[in-house]
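Take a look at the structure set out below.
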Amino acid sequence: MSERIPVNSDILKWAREEAGLAVDDVARKMKRKRVTAKTIRDWEDGRDSPSYAQLERIAYVVYKRPLAMFFFPAPPQEETPRQSFRTLPDEAIEDLPQQIRFLIRKARVMQVNLAELYDNTNPAAQRIVGDLSFAPDVSPVSMSTGVREYLGIDLATQCQWKDRDEAIKAWRDALEEHGIFVFKDAFRVDSFSGFCLYDNLFPIIYVNNSKPKSRQIFTLFHELAHLLFRTGGIDRPLEDYSDLLENDNRRIEVLCNRFAGEFLVPGQDFDRRTRDLALDDALIQQLSNTYHVSKEVILRKLLDGNLVEQRFYDQKRRQWTQTAKRSSGAGGDYYHNMGAYLGERYLGAAFSRYYQNRISVEQLADYLGVKVKNIPGMEHLLFARRATA
């Protein structure tokens, strides 16, 4: 008989009710695991508990909740998507895919985990979200100059990085050193590049790891802008809902894009590099490599500077989007992916607490979102990363 997992029965009931499901509905969805309506009631009443396999299915498939949530001491007080993403129109929030809603809930669990791992104190000596703030009418140039000075990474350093892998690691490290935790996941919804959740102590940026590294870099700074405006945000094509945005909300969404573009590709330097040159695919690729950004970012700079026409811009975007779809793929090494998703700082904090005998190996597995049998592999990954740092 499979070992029973001591989950919080109150959270099992809460998750079912939040999903709008009756006990019989859950039993039908759990039929493959030989779970009846009586079994569900026994779990919720605390008379019995699920096996790990049953818990995985009910968490991920039925309730669309992170597994770690079922070990919380009490049901979480969750913000609604409307509260988290106040700059977005109601229509955009109502249309959020279930997978994105699941990842948002997962991000909230990570905020709880961070508070526990760091004893409710952000470990960063300087916290950018606390130290910097901007009005919705700030210019992208002024905002990007202030953020670059704060992070202490000049353009020359950025352009010297050897490739996009080095660039995204450096930017992620810089943000985490200044109090923002960055996580990744395979979103499985192509139109979403990332999102962020604002919090005074543990602001989080979540990045779609299925996107090219150049797009992930842009997402980091789009979401950073949202956090500096003290709001959550979602990085997806603005044209998806631009007609629905009004006043400050529209200004903020537009500014988040313009800030990211200006920060990564400063206009003055860009003008110098493109002056009197033929604007062709080779130059766009060269500039993309120089700044470690996507060709779309370069193309947008050219359009905003009236160096190319709207028709050329639209044509190139469609062409590159189709190419990206044909070349995209999933997979890779499990431990490498998990390391990318969680980041070295989070991994280090979780293992440090385990080495101090403050949590069990089962709790460590919950923090990392893996099975206990995978802990040695995650530990090897952490040591390997530190050895090459």
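All of the numbers you see were taken from the coordinates with simple rules; none came from a lab. All values derive from a computational prediction rather than experimental measurement. Cβ placement follows ideal geometry from the backbone for every residue including glycine, while neighbour counts extend to all protein chains displayed.
Which three lengths, in whole Å and largest first, does region 1-107 cover when its Cα atoms are put on their principal axes?
Per principal axis, max minus min of the Cα coordinates gives 50, 27, 19 Å.
Give the relative contact order (percent, whole number) for region 1-77; include only Cα pairs under 8 Å separated by 6+ residues.
Answer for region 1-77 is 44 percent.
Add +1 for every Lys or Arg and -1 for every Asp or Glu among the other residues with Cβ under 14 Å from the Cβ of residue 213, and state the total.
Cβ neighbours under 14 Å give a net charge of +4.
Which aspartates and glutamates have a Cα less than 13 Å from the Cα of residue 373, not counting those fewer than 8 places away in the same chain?
362
Cross-link list 29/184; 295/316; 33/64: which exceed 19 angstrom alpha carbon to alpha carbon?
29/184
Using a simple spin-label model with points 7 Å from Cα along the Cα→Cβ vector, what separation in nm is obtained for residue 320 and residue 132?
A separation of 2.4 nm, rounded to one decimal place.
When DSSP assigns beta bridges and you keep just the ones with both residues in the chain, what percent turn out antiparallel, to the nearest 5?
60 percent
Just order 343-349, 178-184 by mean Cβ neighbour count inside 10 Å, highest at the front, would you?
178-184, 343-349
Along the Cα→Cβ direction, 7 angstrom out, place labels at residue 56 and residue 71. What is the inter-label distance in nm?
Calculated label separation equals 1.5 nm.
Over the chain, what relative contact order in percent results from Cα pairs under 8 Å that are six or more residues apart?
So the answer I get is 14 percent.
Whose amide H sits under 5 Å from the amide H of residue 235, counting only residues 5 or more places off or on another chain, with H placed in the peptide plane?
Amide H neighbours of residue 235, under 5 Å, 5+ apart: 193, 194, 195.
List the DSSP H helices in the chain whose Cα atoms stretch 24 Å or more along the helix axis and whose mean Kyte-Doolittle hydropathy is at least 1.6.
Helix filter hits for the chain: none.
With a point put 7 Å past each Cα toward its Cβ, work out how far residue 271 is from residue 189 in nm, to one decimal.
Label-label distance for residue 271 and residue 189, simple model: 4.0 nm.
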